[in-house]
Amino acid sequence: MISNIYPILAYGNESLTKESKSIEINFEIKDLINDMFATMNDSGGIGLAAPQIGKNIKLFIIDISYLKSHEKGHPFYKSVFINPEIIEEEGEEWGFKEGCLSIPSVIVNVKRKPIIKIKYFDENWKQQEVVVDRMLARVIQHEHDHLKGILHIDYATALNKKIMKKKLDEIKTGKINVNYKMKFLS
């Protein structure tokens with residue numbers, strides 16, 4: 001099967017700040033999931049949310065296989081989350097520098113809870129409910145934020161937002177170099 005590689009929407013695109021809609025049970029979504037994995041792999045990401053390719057539906061994927069040595073005991077490394085809902089977050093927030101394929105080269109220290117419980121459907125429409133922690137929880141929270149129209153830069157301080165403004169304007173207009181397909185405002 002040949003997968004399509006979508007351009008990643010750059011910061012400034014309206015799709016990135018809109019609330020996503022739930023997906024009706026539909027087995028036709030598998031082609032889109034395959035395309036999303038191909039797109040994520042092509043861009044070197046570890047997670048991708050549907051809004052990042054212009055689809056405002058509640059769907060994201062992750063693949064943190066490279067973290068295996070750090071994340072022992074987790075039930076999955078590569079997974080699909082359809083209509084996900086974080087139902088619990090616990091622990092003391094911890095900061096970690098996050099980036100985003102839609103906002104290349106902009107790193108923000110984001111504080112998140114270290115343990116989450118998430119309910120979702122997998123790619124076969126089987127309902128799942130898992131508790132995850134550490135980096136896996138962080139990646140899931142980052143992608144889940146995309147479905148709510150929240151970007152990692154939204155967690156930046158007012159001062160950091162001021163400092164980032166020039167870089168964000170360059171990203172909006174495509175005045176950056178990346179090694180993957182992106183779609184800019186102009």
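Only protein heavy atoms count here; on that basis, with a 1.4 Å probe, residue 85 has an accessible area of about 90 Å². The accessible surface of the chain, taken with every protein chain in place and a 1.4 Å probe, is 49 percent carbon and sulfur. The H on the amide N of residue 98, modeled in the peptide plane, is under 5 Å from the matching H of 108, 109, 110, each at least 5 residues off or on a different chain. Under 5 Å between amide hydrogens, built in the peptide plane, is the criterion, and for residue 115 it picks out 90 among residues at least 5 positions away or on other chains. When the chain is treated as a GNM with alpha-carbon contacts under 10 Å, the residue of 158, 49, 137 showing the greatest mean-square fluctuation is 158. Here the Karplus relation 6.51 cos²θ - 1.76 cosθ + 1.60, evaluated at θ = phi - 60°, turns the backbone of segment 157-162 into coupling constants of 6, 4, 5, 5, 5, 5 Hz, with x for every Gly and Pro. Spacing of the modelled spin labels on residue 159 and residue 97, each 7 Å from Cα toward Cβ, amounts to 1.7 nm.
Of all aspartates and glutamates in the structure, those lying under 13 Å Cα to Cα from residue 148, and not within fewer than 8 positions of it along the same chain, are 14, 19, 85. With θ taken as phi - 60° and the Karplus curve 6.51 cos²θ - 1.76 cosθ + 1.60 applied, the whole-hertz 3J(HN,Hα) list for segment 97-109 is 6, 10, x, 8, 4, 7, 9, x, 6, 10, 10, 10, 6 Hz, x standing for glycine and proline.
Excluding ligands, DNA and RNA, the accessible surface per residue across the chain is 53 Å² with a 1.4 Å probe. At full extension, residue 131 and residue 150 could sit 4.6 nm farther apart than now, given 0.36 nm per residue minus the alpha carbon distance.
Taking amide H positions as modeled 1.01 Å from N, with prolines and chain starts lacking one, the residues under 5 Å from residue 128 and 5 or more places away or on another chain are 120, 121, 122. The count of lysine pairs in segment 74-134 that are at least 8 places apart or cross chains, and whose C-alpha atoms lie under 17 Å apart, stands at 5.
Of 162, 119, 111, the residue with the greatest mean-square motion in the GNM of the chain, using alpha carbon springs below 10 Å, is 162. With a cut-off of 14 Å between beta carbons, the residues surrounding residue 9 carry a summed charge of +4, where Lys and Arg count +1 and Asp and Glu -1.
The values are calculated or read from the model by the stated rules, or taken from the named source; none is laboratory data. Just so we're clear, the structure is a prediction, and the values are computed from it rather than from any experiment. So basically every Cβ, Gly included, is an ideal-geometry build from the backbone, and we count neighbours across all protein chains shown. Note: accessible area is taken over every heavy atom of the protein model, side chains too, but ligands, DNA and RNA are not part of it. Shrake-Rupley method; radii C 1.70, N 1.55, O 1.52, S 1.80 Å.
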